[in-house]
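S.K.: A single structure is presented below for examination.
The values are calculated or read from the model by the stated rules, or taken from the named source; none is laboratory data. Just so it is clear, the model here is predicted, and its values are computed rather than measured. Here Cβ is always computed from backbone atoms with ideal geometry, including for glycine, and neighbour counts include all displayed protein chains.
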C-alpha cells in the first residue's frame, strides 16, 4: 500500500500567518515593556487588565477569562503575588475559592502599561484603513467562533 503525504499549503494558510504575527507582536511588546522598565510579561499584563476590569474576581473565573488552565494560572498568580502586583484572598462565600485583587502597586504598574499598549496599537494599525481593520476583526472573530463552536461540540459529546 502506497503512503501518500497530505499536502498543506502553509504559505496560503491563516494559521502560520496568525502564529508568526503573534510571535512578532509578543517580541516587540516584551521589548517595549523592557524599555519602560516594566518587569511584566504579556500574560501578567493580561491578568492586570482583567483585574482592572473585574477586581476581586474568583480565581476560576479569571482562568476562564484568560484562557488558562487553573494550574498555570496559579503559577502565574504566585509570581505576580511575589512582585506585589496582586493579592489573593480566600472567598468569604466559598472557603475553597480565592478572589484576586490588584494591589496599589499593581494598579500603578497597569497604568504604566497603557502608553506601551497604545504604542503597540499604533504600530499594528499603521497603514491599515478603518475598513481593513473592521474586516480583520470580523475574520478573527469568525476564527474564534470556529474554535468556540468546536469546543462546545466536543463538550456535548462527553
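S.K.: Picking from 133, 79, 89, 70, which residue would you name as being within 24 Å of residue 44 (Cα to Cα) and at pLDDT 95 or above? Outline the logic, then answer.
M.R.: Details: 133 fails: within 24 Å of residue 44 (Cα to Cα); 89 fails: at pLDDT 95 or above; 70 fails: at pLDDT 95 or above.
Of 133, 79, 89, 70, the one residue that is within 24 Å of residue 44 (Cα to Cα) and at pLDDT 95 or above is 79.
S.K.: Residue by residue through the stretch 1-27, note down the ones that are touching a residue at least 24 places away in the same chain (Cβ under 8 Å) and either surrounded by 15 or more Cβ atoms within 10 Å (Cβ to Cβ) or within 14 Å of the chain's Cα centre (by Cα) (or both). Don't jump to the end; show me each part of the working.
M.R.: Restricting attention to the stretch 1-27, the residues satisfying the condition of being touching a residue at least 24 places away in the same chain (Cβ under 8 Å) are 14, 18, 25.
Result: 25, single match.
S.K.: A further question on this structure: Do any helices (runs of 4 or more DSSP H) entirely within the stretch 51-158 hold 1 or more residues that are touching a helix residue (DSSP H, G or I) at 6+ places or on another chain (Cβ under 7 Å), without any contact (Cβ under 8 Å) to a residue 12 or more places away in the chain and under 23 Å from residue 22 (Cβ atoms), and if so, which?
M.R.: Filter on the stretch 51-158 gives 59-65, 104-125, 130-157.
S.K.: Now a separate question. Please go through the stretch 16-53 and give me each residue that is in contact with a strand residue (DSSP E or B) (Cβ under 9 Å, 6 or more places away or on another chain) and closer than 23 Å to residue 148 by Cα, ordered by number.
M.R.: 47, 50
S.K.: Looking only at the stretch 28-50, count every residue that is assigned to a helix (DSSP H, G or I), over 15 Å from residue 118 (Cβ atoms) and more than 13 Å from the chain's Cα centre (by Cα) and tell me the total. Spell out the reasoning first.
M.R.: Filtering the stretch 28-50 down to residues assigned to a helix (DSSP H, G or I) leaves 28-35, 42-50.
Still in the running and over 15 Å from residue 118 (Cβ atoms): 30-31, 34, 42-44, 46-48, 50.
Retained after the next criterion (residues that are more than 13 Å from the chain's Cα centre (by Cα)): 30-31, 34.
Residues in the stretch 28-50 being assigned to a helix (DSSP H, G or I), over 15 Å from residue 118 (Cβ atoms) and more than 13 Å from the chain's Cα centre (by Cα): 3 in total.
S.K.: Out of all the residues in the stretch 62-116, which are loosely packed, with under 15 Cβ neighbours inside 10 Å and under 15 Å from the mean Cα position of the chain (by Cα)?
M.R.: Within the stretch 62-116, 64, 67, 69, 70, 72 meet the criteria.
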